[in-house]
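Novice: My questions will all concern the structure given below.
The values are calculated or read from the model by the stated rules, or taken from the named source; none is laboratory data. As the structure is a computational prediction, the values presented were derived from the model and not from experiment. Here the Cβ positions follow ideal geometry from the backbone for every residue, glycine too, while neighbour counts run over all protein chains shown. These area figures cover heavy atoms from the full protein model, side chains too; ligands, DNA and RNA do not enter into them. Shrake-Rupley method; radii C 1.70, N 1.55, O 1.52, S 1.80 Å.
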Amino acid sequence: MQWPWRRRKVVVVVLRKLLTCAICVIALMGLLSVRVHVFPSSKVSDLTDPYKLPTVTQQHELNYQKLSAEKKWTQELTPPHLSKEQAPPHLSKAPLSSHKLNGANGSLDFEKLWKQPSNRDFVPCVQPGSNYTAPDESRGYLLVHTNGGLNQMRAGICDMVAVARIINATLVVPELDKRSFWQDTSNFSDVFDEDHFINALANDVKVIKKLPKDLSSATKVVMHFRSWSGLEYYRDEIASLWEEFQVIRAAKSDSRLANNRLPPDIQKLRCRACYEALRFSPKIEAMGKLLVDRMRAYGPFIALHLRYEKDMLAFSGCTHGLSDVEAEELRTIRENTAYWKIKDINATEQRSRGYCPLTPTEVGIFLAGLGYPSNIPIYIAAGEIYGGDTHMADLRSRYPILMSKEKLASVEELEPFINHASQMAALDYIVSVESDVFIPSYSGNMARAVEGHRRFLGHRKTISPDRKALVRLFDKIEKGLLMEGRKVSNRISEIHKKLQGSPRRRRGPVSGTKGMDRFRSEEAFYVNPLPDCLCKRVSENVNASTASMR
């Protein structure tokens, strides 16, 4: 009578074991499929072992390799001189998988988001003409005191190289601005590769590190060169000063040379100075390269120049989204900054005209409207964001992979740069130039300089927000008259279809403007070096030795 019961017991035990095995097999297959799907490769290109980061999906990796095959930071990249340390602990976590690109318009094509604009066969052409000679005998020495932030100083230095050539001067390595808002004590050699700068310009201008001792007490004429001046001004008025003085000191360097109507060889010299001679110091180049490598380990990325810092908001008078206390603090800063001429500013009017930087919240709406999904990596190229987490919360909720130099590097790695605004800005500059997509929230000096450099290096994708048009959309969304979604996304995409860095000639003055306003309305030379320094590629069947770029 007990046999049937025992038989049933045996059957139950066997079935239970089979069921357990089946569950284990299913679970194992699930784990294997997840691993293969998310981490198809253990290879991270171009990163040495101490800095290896988790990889992204195979599709992401293949697309990125194709996008960055031609990329390089400068013509001659200095290898990193960094100690062999482990990557910062906060980077040990695997980046979010970003193979599913679902934006406001649904599933978007990966290639469309990251595709670079056609360069239409435009390539750099900065070599001087056949009649260009070595620098003439120097008639005196040009001292230069630069002014402004990093990128304002960069443009000024390159202009002063051209001025030194025009007036036959020996250029003394320029002094960097130490009195501006940032109070940076950096010298030229702290920010730039001084020896390379001198040697790279040897066939154009004689450059020395210091004024000769026998001239240190000589009478110097201090000049505020006229803004946006052409060849005749420097050859006739400034060069005539050599009859009385051996040393001319330029009190300021920004916007002292015209954007247009200069001889081709002078324009090309400006580009050689900017994109070849004015290289960052080896330690900055090395750290910048490391930051780029660490961002690239996350796949294609956007560099967002988020110009939402205290100095910018105070200068522009933009207070949208700020508290009354914050607005009053900015007004006080503006009132107490002597060289900021405009004190009373209508913030609402500024914003409606498109003169204000986008807020972090507005940037989030803009990125979503372009179709970028929430799991893309974004590098924040900026100083300290005004209001910190209070104003960044909405952007971070939309795009959680927000990285910065402070997050990508350890405290020890950043220590040499941390108290020097120009050097920290240089790191952001490098990452911004090398990013797959660059988006500035405001068209300031940094945005203009990076855009021009990216154009010079092959018209890399740079999306310039039409702030005036966007404000109208943002206001409707804020008032509840418009909902984020397909309609807003289509409108944003349509507005910016032709604002992504495609080749075009530099814009001239605004029609109807006169005097200084006419020069001020021109597109700056370093924003767009076409046509002066970019030419159509010569056909392969044309003899390269006799062909000329057109």
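Novice: Compute the Cα gyration tensor for segment 142-204, then decide on rounded, prolate or oblate, letting a ≥ b ≥ c be the square roots of its eigenvalues: rounded whenever a/c is under 1.5, prolate when a/b is larger than b/c in the other cases, and oblate in all that remain.
Specialist: Because a/c hits 1.5 or more and a/b exceeds b/c, segment 142-204 counts as prolate.
Novice: What is the set of long-range amide H partners of Leu211 at a cut-off below 5 Å, with H atoms built 1.01 Å from backbone N?
Specialist: Placed amide hydrogens put nothing under 5 Å from Leu211.
Novice: Per residue, how much accessible area does segment 296-431 have with a 1.4 Å probe, in Å²?
Specialist: With the other protein chains kept in place, segment 296-431 gives 40 Å² per residue.
Novice: Given H placed 1.01 Å from N in the peptide plane, which residues other than close sequence neighbours of Gly140 have an amide H under 5 Å from its amide H?
Specialist: For Gly140, whose amide H was placed from the backbone, the distant partners under 5 Å are Thr170.
Novice: Rounded if a/c is under 1.5, else prolate if a/b beats b/c, else oblate: with a ≥ b ≥ c from the C-alpha gyration tensor eigenvalues square-rooted, which is segment 334-475?
Specialist: Here segment 334-475 falls in the rounded category.
Novice: Please give, to one decimal in nm, the separation of the simple spin-label points placed at Glu175 and His224, each 7 Å out from Cα toward the Cβ.
Specialist: 1.7 nm
Novice: Using a/c under 1.5 as the rounded threshold, could you call segment 353-393 rounded, prolate or oblate? The axes a ≥ b ≥ c are square roots of the C-alpha gyration tensor eigenvalues, and prolate needs a/b larger than b/c, oblate otherwise.
Specialist: oblate
Novice: Another question, if that's okay. Using 0.36 nm per residue, how much length does the chain from Lys514 to Lys476 gain when fully extended, once their Cα-Cα distance is taken away?
Specialist: 10.0 nm
Novice: Hey, with R₀ at 30 Å, roughly what FRET efficiency would Ser493 and Ser118 work out to, going by the Cβ-Cβ distance, to 0.05?
Specialist: Here the calculated transfer efficiency is 0.95.
Novice: Could you give the dipole magnitude of segment 195-310 about its Cα centre, charging the beta-carbon of Lys and Arg +1 and that of Asp and Glu -1, in debye to the nearest 20?
Specialist: Here segment 195-310 has a charge dipole of around 520 debye.
Novice: Not counting ligands, DNA or RNA, and with a 1.4 Å probe, what is Val222's accessible surface area in Å² rounded to the nearest 10?
Specialist: Accessible area of Val222: about 90 Å².
Novice: Over the heavy atoms of Arg472, what accessible area does a 1.4 Å probe trace out, to the nearest 10 Å²?
Specialist: Result for Arg472: roughly 140 Å² accessible.
Novice: Roughly how many whole Å is it from the C-alpha centroid of segment 256-295 to that of segment 385-428?
Specialist: First find each Cα centre; the distance between them is then 24 Å.
Novice: Quick one: which residues, 5+ away or cross-chain, put their amide H under 5 Å from the amide H of Met403? H built at 1.01 Å from N.
Specialist: For Met403, whose amide H was placed from the backbone, the distant partners under 5 Å are Ile378, Tyr379, Ile380.
Novice: Along the Cα-to-C-beta direction of Ser217, a point sits 7 Å from the Cα; which residues of segment 157-184 have their amide N less than 17 Å from that point?
Specialist: Zone members listed by number: none at all.
Novice: Quick one: if you stick a label point 7 Å off each Cα along the C-beta vector at Ser130 and Val411, how many nm between them?
Specialist: It is 6.4 nm.
Novice: Using 1/(1 + (r/R0)^6) with R0 = 56 angstrom and r between the beta carbons of Met483 and Asp265, what's the FRET efficiency to the nearest 0.05?
Specialist: Result of the calculation: an efficiency of 0.50.
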